[in-house]
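Written out below as structure tokens is the structure these notes cover.
Since every read-out is calculated from the coordinates, none of them should be taken as a lab result. What you see is a predicted model; the values in this text were computed from it and never measured. For neighbour counting, all protein chains shown are included, and Cβ atoms are generated from backbone atoms with ideal geometry for every residue, glycine included.
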Amino acid sequence: MKICLISSSFYPATFYGGPISATWDLSKKLAEKGNEIYVSTTNANGKSKLIVESNKYLRKEKNVFVKYYNEQIINKFSLAFILGVWLDIKKTDVVYIQYLFHYTVLFSLLFAALQGKRVIICPRGSFSTFTLNNKLSFVKSFWLFLFIKPFVSKIIWQASSYLEERDILNRFLNATVEVINDGVDFNAFQNEDDISNIELLNKVTNNDFNKVSKVFFSMGRLHKIKGFDVLIDAFNLFLENDSNAKLIIAGGDDGVGEDLKNQIKKLNIEKSVFLIGAINFNDKKLLLNNCDYFALASEFESFGIVIVEAMACGKPVVLSNKTPWKDLEINNCGILANNDMNSFYESFNKIINKNYDEVLIKNYVKNNYDWEVIVDEFIDLIKNK
């Protein structure tokens, strides 16, 4: 089967976080199953642009071809995409669209409908209350009413979690929704070198510590939705109990980087909390395998790919209860906290005093979220719905 994957950005545009890596991994796994993947995207990567050949298909893997359209109009709009995506869609059997609030979605959806193609949309949190009410809320509501609602009956919605399914149906009651989680390349996160907490801290922070107790790790775009300010305030309280504990936060700045730096400075915890910026896959693998715990205080996650990556490394996690991981504690993989300072502080204290089985956590991920499991669910969706 030939699949046209439409996304406003694509690997290696890692600025946009987990959804980029998940879409890339899914593309490769679909190709391994004999499908042909044709990606129509842009060269956007945050405030910069990807340095890639544009407006032509590039073979990235066997059966994975990517066309990066150049956004040349005020660096935000690609006329070439509008002119070219009609033909991109025409050569394929199914159109798979990522996200909602982008001009690439509008034209792709219209052209797919005109050509009678099957359309699957993964909204990537577009229907969440936070997204709809946070910025340009009226414009987003208008967009959904004018450009999406007329096509709802022709769309199969892929929700990344039960929370996203709920949000879609709250907006479009009669929508066809299938819950298919994102996955993780389980094997890619195994067999990492085991190093001490001191070695880890000195390596990633360029410091020279001689005493480190527990290492907490968090990762995501430095955006207010990720709740890093809550995490930092809670960790500041935790340091009163364990002054040698460390918190490492990785991620590119998406609006609150300076605020977080000032918060850390004001609390006088520069030797305990570290913002290390965006990191590559190897550094992420190193940190996830060698930290003691992973923590995330997001105000919303439609899935949370880095969460499942942390658990693939056998790490217990402390998560906001506004993420979709309601079975976390039942499966003995971590703790859910209210999204506030005191609750996270209490959860930090709880998690260090609980015994977790690393093998059990890894097996939970391998059996439920490995791409080998997820990709078959997706293939069934595109062939049978």
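Brief remarks on what is shown
- Only the Cβ atoms of Lys and Arg (+1) and of Asp and Glu (-1) were treated as charged; on that basis the dipole of region 186-368 about its Cα centre amounts to roughly 40 debye.
- When the P(r) is computed for the chain, the part past 38 Å accounts for 19% of the Cα-Cα pairs.
- Phi to ³J(HN,Hα) by Karplus 6.51 cos²θ - 1.76 cosθ + 1.60 over region 141-152, Hz, x for Gly, Pro: 5, 4, 4, 5, 5, 7, 9, 9, 3, x, 9, 4
- Put simply, when 118-126, 356-364 are sorted by average Cβ atoms within 10 angstrom per residue, most first, you get 118-126, 356-364.
- Derived scalar couplings between HN and Hα for region 192-202 equal 8, 4, 8, 10, 6, 4, 5, 4, 4, 4, 5 Hz in order, rounded to whole Hz, by the Karplus curve 6.51 cos²θ - 1.76 cosθ + 1.60 (θ = phi - 60°), x for Gly and Pro.
- Over region 186-368 - Rg/Rh using Cα atoms and the Kirkwood inverse-distance radius: 0.92
- Asp259-Leu87 pseudo-label distance in nm [points 7 Å out on the Cα-to-Cβ vector]: 4.5 nm
- FRET efficiency, 1/(1 + (r/R0)^6) with R0 41 Å, evaluated for Asn355 and Leu381 via beta carbons: 0.60
- Shape of region 289-370, Cα gyration tensor, a/c cut at 1.5: oblate
- Alpha carbon convex hull of region 1-138, volume per residue in cubic angstrom: 113 Å³
- Which of Gly125, Ser196, Phe216, positive extreme of dipole for the chain (C-beta unit charges): Gly125
- Between Phe228, Phe101, Phe344, the residue with the greatest mean-square fluctuation in the GNM of the chain (Cα pairs under 10 Å linked by springs) is Phe101.
- Across region 83-97, coupling constants 3J(HN,Hα) worked out from phi with the 6.51/-1.76/1.60 Karplus curve, θ = phi - 60°, read 6, x, 5, 4, 6, 4, 5, 4, 7, 10, 9, 10, 10, 10, 10 Hz, and Gly and Pro carry x.
- Interchain or long-range residues, amide H under 5 Å from Thr42's placed H: Ser9, Phe10, Tyr69
- Put simply, the C-alpha atoms of region 24-73 give a gyration tensor, and the ellipsoid matching it has half-axes of 23, 11, 8 Å, longest first.
- Between Val373 and Leu79, the modelled labels are 4.9 nm apart [label points 7 Å from Cα along Cα→Cβ].
- A simple spin-label model places the labels of Asn331 and Leu58 3.5 nm from each other, with each point 7 Å out along Cα-to-Cβ.
- Most positive-pole-ward Cα, Tyr103, Asn241, Ser343, against dipole of the chain from beta carbon charges: Tyr103
- Region 1-60 and region 119-162 have Cα centres separated by 21 Å.
- Where Cα atoms sit under 16 Å apart: lysine pairs in region 44-142 separated by 8 or more or lying on different chains: 10
- DSSP bridge pairs, the chain: antiparallel proportion in percent, nearest 5: 15 percent
- Prolate/oblate/rounded call for region 180-235, Cα gyration tensor, a/c under 1.5 rounded: oblate
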